[in-house]
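The structure under discussion appears below in the form of structure tokens.
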Amino acid sequence: MKQEPNWQPIYNLPLITDMIDGQLAEAIDQHKNLLEAQSKPHVLDGYIVRRIIRVYTDQLEFVPIYQKQLEKWQEETRLTAEQQSEIKRLQKQVEQWKQVLTDILDLANKLKEGTIEKVMAKSDLELGIQSLKKNGSMTEGGEIAPFILF
């Protein structure tokens, strides 16, 4: 049975704001890093990719708790206009965070197929064929495209 979260009083809004904004910014940075690694997944090892998947899966599991906390605050009747505005802003931030986390996990799952361990486990023939396909020298049907030597 899951334990009920420890819901925070409204005076902790600045704390929650820092947490959401900080985690979103960090997730955006990580997503950019993974996009850069997409063209060269062999620079990553299996441990790093598994850790990325574990960390961001854990973060994604907390998103509904943040959403519920913001909903609970929104239901309070004595909020200032500033608090109401900040809660609405944070709700948008949480939605963006959720999307970035999902994008990170999708990308990490693709990248895990090209880690250095996966590359090193391939035979020379497999690597050669992969290189020819990547350079456009081999068709999907397995034929080598003609080329001219100068």
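Multiplying the sequence separation of D18 and Q99 by 0.36 nm and subtracting their Cα-Cα distance, what value in nm do you get?
27.3 nm
For the stretch 10-114, how many pairs of lysine residues have a Cα-Cα distance under 29 Å, where the two are 8 or more positions apart or belong to different chains?
Count of close lysine pairs: 20.
Taking loop as defined by DSSP and a crowding limit of 11 other beta carbons within 10 Å, which chymotrypsin sites (Phe, Trp or Tyr not before Pro) in the stretch 1-60 fit?
Those that pass, being in a loop and sparsely packed, are W7.
Every read-out reported here was derived from the displayed coordinates using simple, explicitly stated rules and does not represent laboratory data. This one's a predicted model, so the numbers in the text were calculated from it and none came from an experiment. When we count neighbours, we look across all protein chains shown, and the Cβ atoms used for this are built from the backbone with ideal geometry, even at glycine.
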